[in-house]
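Beneath this line is the structure, given in structure tokens, with notes to follow.
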Amino acid sequence: MRFAKSIMLLLVLIGLSSCAQAKTDMIGPDGQSPVVKVVRDVREAVVQISVERVVTPRQNIDPFFNDPFFRQFFGMPRQQQEQQQQSQTRTDPIGTGFIYEYNSNTGEAFIMTNNHVAKYSEHGTLKVALADKKTYDATVVGMDSNTDVAVIKINPDSKNKITITPLGDSSKLEIGEWAIAIGNPFGDSMERTVTLGVVSALGRSNIMSGRNELLYQDFIQTDAAINPGNSGGPLLNIRGEVIGINTAIISGSGGNIGIGFAIPINLAKRVVEDLVATGKVQRAYIGILPQEITSDLMEAFEIDEMSGVLIAKVEENSPAAKAGLQAGDIVLEVGKEKVANVARFRLVVATAKIGDKVPIKVLRDGKEQSINVTLEGFPGEVVATDAETGVKTAISTGIKVDEMDSALAKRLNIEGSGGVLISSVDPNTPASQAGLSQGMVILQIDGNVVNSVSDFNTVLSEAITNMERRGRNTIRLYVLDRNKVPSFVVLRFEK
């Protein structure tokens with residue numbers, strides 16, 4: 001018994017010694033934490049982003065808790081209503097960003113932030129405040145809702161000293177590394193706050209769900225405090241390099257509980273490159289329907305590890321079909337990078353370069369082989385324009401739609417302020433099989449409101465993409481019939 005107690009005491013002393021050593025390692029020769037230098041070098045590159053807009057009486061003015069990203073994690077939004085007698089212009093803080101590039105020839109400073117922050121440009125003018133309190137109007141360079149990355153830019157006064165944040169390599173991250181977050185939690189009252197934590201986990205997916213789901217998720221999880229207003233701010237390593245863009249937290253109270261998420265900077269850099277060049281992201285496409293490997297599939301395919309992606313279907317005339325990939329192949333690696341699950345597979349393909357010839361390692365009939373696939377651009381919109389009528393046509397559904405104020409709507413005596421009018425339905429299509437017909441009005445697609453032909457095209461395209469990604473074969477429509485009776489209608493697509 002005495003021997004056992006001695007062993008336990010020795011283990012405790014070793015543990016205390018390790019903790020003391022860890023604390024000592026965080027102190028430099030001058031007695032300061034290296035975090036101090038990181039903050040000193042980078043802090044002035046962090047900017048506060050606000051939106052200037054006209055506020056009407058009783059309008060909710062709390063942009064943090066009115067944001068759907070935060071509502072999803074916090075539950076019910078804070079009910080703050082302003083009792084105003086007249087509309088007025090006001091500026092509300094909405095998030096954070098950081099300057100990653102400065103063009104001295106044009107005087108433009110480029111800023112990374114979140115898509116859900118930059119999206120406030122739809123409601124007013126984006127304003128960027130630098131560390132010296134000077135504020136500039138910002139222009140949106142590009143936004144990507146599938147990764148929640150956006151780029152905005154300002155033209156600061158030439159007298160301003162512009163600090164740039166160095167970008168790191170998130171592929172080299174390890175769990176347990178130090179993580180430093182800088183942002184503007186809860187607006188003006190706590191601007192440029194610094195919090196310290198560690199990288200808690202890597203490769204987190206399925207964090208965003210429902211209407212706010214991101215198509216490509218590969219989050220860094222950290223316990224460095226992130227709160228509303230930190231969105232778009234940098235997550236840094238101990239060398240002062242940006243390793244991620246702070247995006248969201250999980251919380252039941254509206255405050256930080258140590259579970260925050262950041263977009264890896266390598267993913268952001270790939271997106272930003274396209275946003276600056278063309279204003280949109282051009283993603284690579286391989287053309288398969290991927291399926292997760294389960295324990296039952298492991299046994300059925302006689303594989304030893306629950307890793308990889310099963311090919312459930314190969315699209316005709318796709319890069320995968322042209323290269324010879326087959327349904328039943330198990331994809332192990334894409335471009336020499338292991339793909340442990342469907343989320344990782346999608347991300348690796350989407351961030352590759354269009355036109356690249358990528359080696360795909362597959363397991364077929366128990367044997368590994370490498371097949372080179374030349375990646376193509378993601379297929380265009382699932383809609384096309386009828387050159388004769390100018391009416392947008394959803395080829396995959398058989399629906400043709402027109403605006404609610406069109407000549408056809410007047411001829412059919414159909415009125416309404418929202419939705420799009422079905423002008424015709426092609427026979428033997430999902431639309432005709434669902435019972436849709438001319439004169440009906442489509443109000444929503446998978447819960448998303450459509451108020452114009454442009455809305456219809458965009459939302460339907462996203463719905464079909466999401467349907468294929470989730471392995472489903474149905475899309476839900478909310479419609480009004482000719483008697484203005486609402487109902488839900490399901491479009492079913494044959495696999």
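The values are calculated or read from the model by the stated rules, or taken from the named source; none is laboratory data. The shown structure was predicted, so the numbers you read here are calculated from the model rather than taken from an experiment. Cβ coordinates were reconstructed from backbone atoms using ideal geometry, including for glycine residues, and neighbour counts include every protein chain displayed.
Here are a few things to note about the model shown:
- Flag for Val128 being assigned by TED's automatic domain parsing to the domain that holds Thr193, surrounded by 18 or more Cβ atoms within 10 Å (Cβ to Cβ), in a helix (DSSP H, G or I) and not hydroxyl-bearing (Ser, Thr, Tyr): no
- Among the residues listed as Asp144, Asp148, the single one being on the phi > 0 side of the Ramachandran plot, touching a strand residue (DSSP E or B) at 6+ places or on another chain (Cβ under 9 Å) and either at pLDDT 90 or above or crowded, with 17+ Cβ neighbours inside 10 Å (or both): Asp148
- Strands (runs of 3 or more DSSP E) wholly inside region 243-346 that include at least 1 residues being within 23 Å of Gly366 (Cα to Cα) and of a type in the set (Phe, Trp, Tyr): none
- Criterion: within 29 Å of Glu494 (Cα to Cα) and surrounded by 21 or more Cβ atoms within 10 Å (Cβ to Cβ) - qualifying residue of Pro290, Pro264: Pro290
- Residue ID - modelled with the highest pLDDT, chosen from residues in region 293-325 that are over 28 Å from Phe219 (Cα atoms) and in contact with a helix residue (DSSP H, G or I) (Cβ under 9 Å, 6 or more places away or on another chain): Leu325
- Scanning region 273-286 for residues that are touching a residue at least 24 places away in the same chain (Cβ under 8 Å) and farther than 15 Å from Leu347 by Cα, we see that the one that is surrounded by the fewest Cβ atoms within 10 Å (Cβ to Cβ) is Thr278.
- Pro156 vs. criteria crowded, with 16+ Cβ neighbours inside 10 Å and either assigned by TED's automatic domain parsing to the domain that holds Val46 or modelled with pLDDT of 90 or more (or both): yes
Residue-by-condition table, conditions (1) closer than 24 Å to Asn466 by Cα; (2) not basic (Lys, Arg):
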| site | (1), (2) |
| --- | --- |
| Leu275 | yes, yes |
| Gly279 | yes, yes |
| Glu305 | no, yes |
| Leu332 | yes, yes |
| Lys367 | no, no |
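- Of the set (1) on the phi > 0 side of the Ramachandran plot; (2) small (Gly, Ala, Ser); (3) surrounded by 13 or more Cβ atoms within 10 Å (Cβ to Cβ), all apply to Gly355 but (3).
- Evaluation of Ile175 against (1) exposed (fewer than 15 other Cβ atoms within 10 Å of the Cβ); (2) farther than 20 Å from Asp223 by Cβ (one fails), failing number: (2)
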